[in-house]
Structures are given as structure tokens and as C-alpha cells.
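Chemist: Below: one structure in C-alpha cells.
The values are calculated or read from the model by the stated rules, or taken from the named source; none is laboratory data. Computed from a prediction, not measured in an experiment: that's the story for all the values here. Every residue, glycine among them, receives a Cβ derived from its backbone with ideal geometry; neighbour counts consider all protein chains shown. All accessible areas refer to the heavy atoms of the entire protein, side chains included, with ligands and DNA or RNA removed. Shrake-Rupley method; radii C 1.70, N 1.55, O 1.52, S 1.80 Å.
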Amino acid sequence: MQGSSKISDPQPETLTPEIKIDGVEIRLIRLPLIEPFETSFGKIDSRLIFLVSLAADGITGWGEVVASEEPRYSYETVGTAFHVIRDFLGPALLNAPLADLNDLTRRFLPVRGHNMAKAGLELAFMDLLARINGVSLAKLIGGERKRVSVGVSLGIQPKISRLLERVERYLNLGYQRIKLKIKPGWDLDVVSEVRRKYPRILLSVDANSAYTLSDQDHLKNLDDFGLLMVEQPLENDDLVNHARLQKVMNTSLCLDESIVGLRQAKLALELQSCRIINIKIGRVGGYSEALGIHDLCYSQEIPVWCGGMLESGIGRAHNLALASLKGFTLPGDISASARYFERDIISPEVTVAADGTVAVPRGVGLGFDVDLDYIEHLTETREQISRLKS
Ligand code: OSB
Ligand code: MG
């Protein structure tokens, strides 16, 4: 890791020499959504949340694996992540003490892929590290912002009128940018309607890979609407066709699914596949890659923003820390807890101020209290991971 992030350059006097992880626990809880969320992949009514906790010397760090139940956004699922953490990644943490984040990342190198599983453990480790050192996560990674700007991601609706209601609701709540999920059959007319009613708002669309390059003439019509960006129009693994599309479109493309690590970010910038990058810690495999991508984009003046995966408050708190880094100049998909859930598992819940910003917590670690009683009440599955027998 290079560049501006403090994490590659820890203060020797504040960081402990070694951390001996003495417990790795994974658990699944189900949080109902206040309304269904629909993307070009399909619709969900509840979120199966995958929590990870790491314990060392009586201190616990919390992380979240953002995988979905079905392999649609990525090949990972809650099931694959459970397997990979239980059988490979978890035991690797228990085998020997950890010096720092780089040490942890190195230990995961033999496992190919499974970024969300890796990231869940990295998040928990970073919360633990922050708590051991008595600092906030944001401070630990060198975040500078006190508040971050946020937008909202609005799913596909049964009718345009329902979408317009939601646009109105979230603008009134202060959200600085509206992102519309699109797919073939729910795109130009919908965007045109929203733009007609709100000529001046920051507006973007996210296709979640629902188109192919053969749709380029159709997609070019999006240039008429003054969009901030078009997110991931084409296939998840296709940097080349995104570069071809970016060449013929005026609107900036933003890549989400395609950027699964620093290497892909470098390639995307070199190929000019996009002009904006969405960083999700889970998709890229953890903080170290996320920070690397941030630093790369910052050095090339490519704006980045923090994506979301309908996280519980634990994942949301990590997103806030990440988005406090100086390169995050566009509003993130970091909604209030109440945008998705009746009740969150942290307290206080994440709230969005009337100016469309969220405070970066200053407390130690995540900076929120983890509501263990509520988590216990919701737990469907839990497993304590044990040491590998040698
Ligand atoms: O593509 O950004 C995406 C949610 C699940 C999977 C993929 C995406 C999303 C969102 C929601 O857009 C963002 C949020 O958490 O608010
Ligand atoms: Mg997206």
C-alpha cells in the first residue's frame, strides 16, 4: 500500500506489537427491510446479515460480510462466505498472532477470490485494532472528514408514480444525490420523468450490468439527462467494452462490480473504462485494497465514492470511516439506518442531517455501541471457529 493513508505507516508508539486472536465468531441474523429493494438482479424483502466478531484479550471487533443470499451481484453468497471463513480464513487468524493489517492480508493470499469473506474479517480486525489503540476507525485509516455527504439508491418500483414519491421523500430528508436503479424496460422514460420534475438535482443511474455493448445506441440517450454518472452498465468483468462505451458517451461511467481490487482499478483507469469509481470494502476484499484504490484514484484526480450493500449498522459504520478519506468527493450510498430497517443493531442509529451529511463517529472503534441483546435475539445461526489441528 502506498500513498496518503496512514495505515501503511502506523505510529509505532500507539500500535500494539502483536495481536493474538482468541476467538472468531460468525453469525447470521435476518433484518426485515421496511420496503422491498429491487434491482436488475431481482427483489428482496429482508436482508440476511452476516456478522463477524474477533476477540483478543477481552476486546471484541466487529465486521460484516456483505454477500447476498443469491450469487447475482457477485459469485459470493452468504453460504460460500460461511464455508470459506469457517474452513479457511478463520482458522488462519487463530494459528499465530497478527502484527498488523498487512500481516492479515498476507495470510489470506493463498485463498483465491472470496473478497467479501476476506473483507468481513478485515473489518472486524480493524475495529479490534482501533479499539485496542483507543482510536476511531476513521482516525486509524487517516480519514479527515468530520461529516460525509450521502445520497440514496432507489430500487426499481412497480410504477413511476411510486418512484417519484420516493424521490420527493428522500430529497426532503436532505439526501444530496438520487441514484435510480435501471434495467431494460425501466430506464429512459423513468429517468426522463424524474429529470423533468427535478431539473437541478444530482441524479445518477445504476444498471448493475443489465446491458451489453449492443445496447450502446440506447444507452447514449442517457446523455440527454445531465446525469452525474451511469454506474456499471455492462458486464461485471468487461473493462474493455466499458472503455468502448465511455468513448461514445458524454456522461461519465462509474464502475462498481468490475473493480474487484486495486489491479482492476489500475487497468480501468489505464483503459479509460470509467471516470469515476465506486469503492465497496466488501467487493474489493477489505480495507487494504480499498485504501489502495482510494490512493490511486486520488493521485489521478479520479473521484471516488463509497458504495453500499444494504449493510446493517456495523457495515455502515465501516463505510462512514472509509468515506472520511479525502478522495471521497462524491456522495456515498450511506443511508440512514431508518431508510432500510425498522431497528438497527447499533446505537445510536445512523442518521442523515437535513444538509444530506452523516457525522463520522469519533468514538473508539466503530464509534457506535453494538446492541448485543438485539443481535442475540435475532441470531439464526452462529458458529465459533476453532484452531486448525496441526
Ligand atoms: O449496485 O450499488 C449497488 C445494493 C445491493 C447490491 C448492489 C448495490 C446496492 C445498492 C444499495 O445500490 C446501496 C445502499 O446500500 O444503500
Ligand atoms: Mg452499483
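Chemist: Please give the helices (runs of 4 or more DSSP H) falling wholly within the range 306-390 in which 2 or more residues are within 16 Å of ligand 1 (Cβ to nearest atom).
Modeler: Because the criterion is at least 2 residues that are within 16 Å of ligand 1 (Cβ to nearest atom), the helices (runs of 4 or more DSSP H) in the range 306-390 that meet it are 313-323, 337-340.
Chemist: Which residues, taken from the range 293-311, are surrounded by fewer than 24 Cβ atoms within 10 Å (Cβ to Cβ) and of a type in the set (Phe, Trp, Tyr)?
Modeler: Answer for the range 293-311, where residues must be surrounded by fewer than 24 Cβ atoms within 10 Å (Cβ to Cβ) and of a type in the set (Phe, Trp, Tyr): just 298.
Chemist: Would it be correct to say that residue 358 is more than 16 Å from the chain's Cα centre (by Cα), under 17 Å from residue 307 (Cβ atoms) and modelled with pLDDT of 95 or more?
Modeler: Criteria not met by residue 358.
Chemist: Which is within 16 Å of ligand 2 (Cβ to nearest atom), touching a residue at least 24 places away in the same chain (Cβ under 8 Å) and either assigned to a loop (DSSP other than H, G, I, E, B) or not charged (D, E, K, R) (or both), of 241, 221, 208?
Modeler: Going through 241, 221, 208 in turn, the sole match is 208.
Chemist: If we scan the range 88-97, do we find a residue that is open to solvent by 40 Å² or more (accessible area, probe 1.4 Å) and outside any loop (DSSP other than H, G, I, E, B)?
Modeler: For the range 88-97, residues open to solvent by 40 Å² or more (accessible area, probe 1.4 Å) and outside any loop (DSSP other than H, G, I, E, B): present.
Chemist: Looking at (1) at pLDDT 95 or above; (2) open to solvent by 10 Å² or more (accessible area, probe 1.4 Å); (3) at negative phi; (4) over 21 Å from the mean Cα position of the chain (by Cα), find the lone condition where residue 167 falls short.
Modeler: Single failed check for residue 167: (2).
Chemist: Another one. Applying the selection to the range 244-286, what residues are more than 16 Å from ligand 2 (Cβ to nearest atom), within 21 Å of residue 322 (Cβ to Cβ) and assigned to a helix (DSSP H, G or I)?
Modeler: The answer is 262, 263, 266, 269.
To keep it simple, each residue is scored yes or no on (1) assigned to a loop (DSSP other than H, G, I, E, B); (2) open to solvent by 20 Å² or more (accessible area, probe 1.4 Å).
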site: 104; (1), (2): no, no
site: 123; (1), (2): no, no
site: 149; (1), (2): no, yes
site: 178; (1), (2): no, no
site: 192; (1), (2): no, yes
site: 199; (1), (2): yes, yes
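Chemist: Anything in the range 136-154 that is on the phi < 0 side of the Ramachandran plot, touching a Leu at 6+ places or on another chain (Cβ under 9 Å) and not charged (D, E, K, R)? List them, or say none.
Modeler: 136, 137, 138, 140, 141, 143, 148, 149, 151, 152, 153, 154
Chemist: Can you work out which of the residues in the range 130-147 that are out of contact with any strand residue (DSSP E or B) (no Cβ under 7 Å at 6 or more places or on another chain) and part of a helix (DSSP H, G or I) is surrounded by the fewest Cβ atoms within 10 Å (Cβ to Cβ)?
Modeler: This residue is 133.
Chemist: Please determine, by comparing only the residues of the range 269-292 that are without any contact (Cβ under 8 Å) to a residue 60 or more places away in the chain, within 16 Å of ligand 1 (Cβ to nearest atom) and under 21 Å from residue 227 (Cβ atoms), which one is surrounded by the fewest Cβ atoms within 10 Å (Cβ to Cβ).
Modeler: It comes out as 276.
Chemist: Within the range 224-233, does at least one residue satisfy the condition of being open to solvent by 30 Å² or more (accessible area, probe 1.4 Å) and within 21 Å of residue 121 (Cβ to Cβ)?
Modeler: no
Chemist: Looking for something closer than 22 Å to residue 276 by Cβ and in contact (Cβ under 8 Å) with a residue 24 or more places away in the chain - is there at least one such residue anywhere in the range 358-369?
Modeler: yes
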